[in-house]
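Everything on this sheet refers to the single structure shown next.
The values are calculated or read from the model by the stated rules, or taken from the named source; none is laboratory data. Remember, it's a predicted structure, so these values are computed and weren't measured experimentally. Methodologically, a virtual Cβ is constructed for each residue, glycine included, from the backbone with ideal geometry; neighbour enumeration extends over all protein chains shown. These accessible areas exclude ligands, DNA and RNA; they are computed on the full protein's heavy atoms, side chains included. Shrake-Rupley method; radii C 1.70, N 1.55, O 1.52, S 1.80 Å.
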Amino acid sequence: MLDPDRGLSLTIARIVQRLKGSSLHSQLERQARVSLHKPEIKLESLKEDIKDFLKTSGWEKKLQNAVYSQLNVFPWPCHPAAPPEHMKEPLAYMRKAQGSWEKRILKSLNSMCTELSIPLAQKRPASEQKELLNKWNEMGTDEPDLSLFRPVYAPKDFLEVLMNLRNPNYENGDQPSFRNHLGLIQVPLKVKDIPELKEDFTELGLNIGQLGIDDSAQVPPEFFENEHVRVGQKVLAEQDSAAAQQYVRQGCPTALRADLWALILNISNQPEDILYYEQLKSNVIQHDLLVDSLIYKDVKLTASNDDYYFVFEDYLYQVLLCFSRDTSVLEHFTYSSATPPKSYIRGKLGMEEYAVFYPPNVNYNSFILSVAPLCFLYHEPSKLYQIFREMYVRFFFRLHSISSHPSGIVSLCLLFETLLQTHLPQLFYHLREIGAQPLRISFKWMVRAFSGYLATDQLLLLWDRILGYNSLEILAVLAAAVFAFRAVNLMEVTSLAAAEAVLADLSTLKVMPLLQIFLFATVT
């Protein structure tokens, strides 16, 4: 175990190192130099006076928010003697499984290139560049022939991989025994039970006001809503990320949500951020990647046919095409079990100095539904892009990679199955016996963070809590709560198809009542 004091000093050193290269660091230096010309700054108390100046001028708060953002994103440091891959994923068999999954994806990509005789990347002709630039804000009107392109993988393919995960050090044969888990996930990871979840999600308790319940038409606004909005406005005035994160655990008022999420994620959309987005846009216009066609097809298959999201089709193209070129996202691979795929410049195969990451980051599945809900909140493309990128590197990447992290998709699947087995054993056993394993139905909800399944207002209330608790575990709790809510109907079904039909439409469900009832009104 790493000594707490040693761990703290390593964390401080790492944050200082990361902030040194940021624009905030240069802005703080500039402000400190400006303050030297002020009469209240005395030579004999220079250090303290400059600190006071930075505090009163609001720069200390910006520094606090930047530090808090780093603490939320990066994991607690490993022991100094631990190898670097332990920071990515401590369990060797998880790392091996993730590596095999990546090879499978790359093989699918390469075979598509070979079959279609299309390069992974090529420079666009000048005429095509001009055409793309002219229609940048109306790419949804384009109808390219994508019939030959196929999705690299579907959620069910990923689930099959997770089902076959085994810990080689754990005695767990194929024959049923008391060691076998009755669900589909057969790896021994520690997941929380209801009492632990109650403790973690205290603010969701029955006696605490919640947006999503206490702002309904039947509840007079003066009981909770008005005061909650007033507190939210005060949090925004203070510009305190930590306070905002605590506040959104009870939900965000619609009018304040965009600003509160940006504050929690430490996104301010400075001129240099807008310039960076324009550079990514320029890269899209100049170069054509194979994954561009996959993104086009994904948008056409999902958002274009969605009742809520079809109006944002142009935004989705803009954000996702830029995201596929953004090398800054590569940083998240330092704490992700995944490794970015490499490609080589033509004719230089195997020569490391000619290796490039291709593409910098694309997961080929479910991207669209991670961006689409954010379009309701942000209408400035550069800010929308930054919010999505930060949501991805904090949360969503964990839904597409194999790891032992508590918010990783493996742990979420295991948590979901454990909650159902523990608190709804008859339902779980019934569905298992008829060949309708619950995870086969709920997996697609969790891997897409319920986007595309819940009504938008309910989805945003759910994502409020993801940001508030800096955890995806609430996805597994909600999935179990949905099964509990439909338990009576599910006990009567006799096939997987019938069970899927019972759970086909979640658009009428209210998230917060379901979570509260499952967590706080269930006898444990």
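Could you please give the count of residues in segment 139-156 that are touching a residue at least 24 places away in the same chain (Cβ under 8 Å), outside any helix (DSSP H, G or I) and more than 22 Å from Gln286 (Cβ to Cβ)?
6
Could you tell me which numbered condition Lys20 fails, if it satisfies all but one of (1) more than 24 Å from Ile264 (Cα to Cα); (2) loosely packed, with under 12 Cβ neighbours inside 10 Å; (3) modelled with pLDDT of 75 or more; (4) not small (Gly, Ala, Ser)?
With respect to (1) more than 24 Å from Ile264 (Cα to Cα); (2) loosely packed, with under 12 Cβ neighbours inside 10 Å; (3) modelled with pLDDT of 75 or more; (4) not small (Gly, Ala, Ser), Lys20 is out only on (1).
Report the residue count in segment 393-406 for those that are open to solvent by less than 10 Å² (accessible area, probe 1.4 Å) and either β-branched (Val, Ile, Thr) or more than 30 Å from Ala499 (Cα to Cα) (or both).
Qualifying residue count for the region: 1.
Taking only segment 190-230 into account, find how many residues are in contact (Cβ under 8 Å) with a residue 60 or more places away in the chain and within 15 Å of Pro253 (Cβ to Cβ).
Residues in segment 190-230 being in contact (Cβ under 8 Å) with a residue 60 or more places away in the chain and within 15 Å of Pro253 (Cβ to Cβ): 4 in total.
Taking the condition of being open to solvent by 60 Å² or more (accessible area, probe 1.4 Å) and at pLDDT 95 or above, how many residues in segment 256-274 meet it?
1
Residues of segment 500-519 being among the β-branched types (Val, Ile, Thr), surrounded by 14 or more Cβ atoms within 10 Å (Cβ to Cβ) and over 16 Å from Ile208 (Cα atoms), which ones?
Residue satisfying the conditions is Val502 alone.
Go through (1) open to solvent by 70 Å² or more (accessible area, probe 1.4 Å); (2) closer than 22 Å to Pro373 by Cβ; (3) of a type in the set (D, E, K, R) and name the single condition Glu238 misses.
Failed condition: (2).
For segment 407-438, which positions are of a type in the set (A, V, I, L, M), in contact with a helix residue (DSSP H, G or I) (Cβ under 8 Å, 6 or more places away or on another chain) and either open to solvent by less than 10 Å² (accessible area, probe 1.4 Å) or assigned to a helix (DSSP H, G or I) (or both)?
Correct list: Ile409, Val410, Leu412, Leu415, Leu419, Leu420, Leu427, Leu431, Ala436.
Go through segment 456-487 residue by residue and tally those that are touching a residue at least 60 places away in the same chain (Cβ under 8 Å), assigned to a loop (DSSP other than H, G, I, E, B) and surrounded by fewer than 20 Cβ atoms within 10 Å (Cβ to Cβ).
2
Go through (1) more than 16 Å from the chain's Cα centre (by Cα); (2) surrounded by fewer than 22 Cβ atoms within 10 Å (Cβ to Cβ); (3) closer than 17 Å to Ser370 by Cβ one by one and return the number of the condition Arg448 breaks.
Exception for Arg448: condition (1).
State whether the residues of segment 42-55 include one that is touching a Leu at 6+ places or on another chain (Cβ under 9 Å) and polar (S, T, N, Q).
There is no residue in segment 42-55 that is touching a Leu at 6+ places or on another chain (Cβ under 9 Å) and polar (S, T, N, Q).
Of all residues being in a helix (DSSP H, G or I), open to solvent by 10 Å² or more (accessible area, probe 1.4 Å) and in contact (Cβ under 8 Å) with a residue 24 or more places away in the chain in segment 279-294, which is farthest from Ala121 (Cα to Cα)? Just the residue, please.
If we filter segment 279-294 for residues that are in a helix (DSSP H, G or I), which is where we start, we get 279-286, 290-294.
Remaining after also requiring open to solvent by 10 Å² or more (accessible area, probe 1.4 Å): 279, 281-283, 285-286, 293-294.
Now restrict to residues that are in contact (Cβ under 8 Å) with a residue 24 or more places away in the chain: 281, 283, 285-286, 293-294.
On the way: Lys281: 16, Asn283: 12, Ile285: 12, Gln286: 11, Ser293: 11, Leu294: 13 Å.
Here the residue is Lys281.
Here is a list: Ile41, Ile50. Which entry is free of Cβ contacts under 8 Å to residues at least 60 places away in the same chain, assigned to a loop (DSSP other than H, G, I, E, B) and touching a helix residue (DSSP H, G or I) at 6+ places or on another chain (Cβ under 9 Å)?
Ile41
Which residues, counting only those in segment 201-213, are open to solvent by 60 Å² or more (accessible area, probe 1.4 Å) and of a type outside the set (A, V, I, L, M)?
Listed by number, the residues that qualify are Thr202, Asn207.
Restricting the first residue to segment 497-517 and requiring it to be part of a loop (DSSP other than H, G, I, E, B), which pairs with a second residue that is open to solvent by 40 Å² or more (accessible area, probe 1.4 Å) meet a Cβ separation below 6 Å and a spacing of at least six or different chains?
Correct list of pairs: Leu506/Tyr453.
Going through segment 107-148 one residue at a time, which ones are open to solvent by less than 80 Å² (accessible area, probe 1.4 Å) and under 26 Å from the mean Cα position of the chain (by Cα)?
Ser108, Leu109, Met139, Gly140
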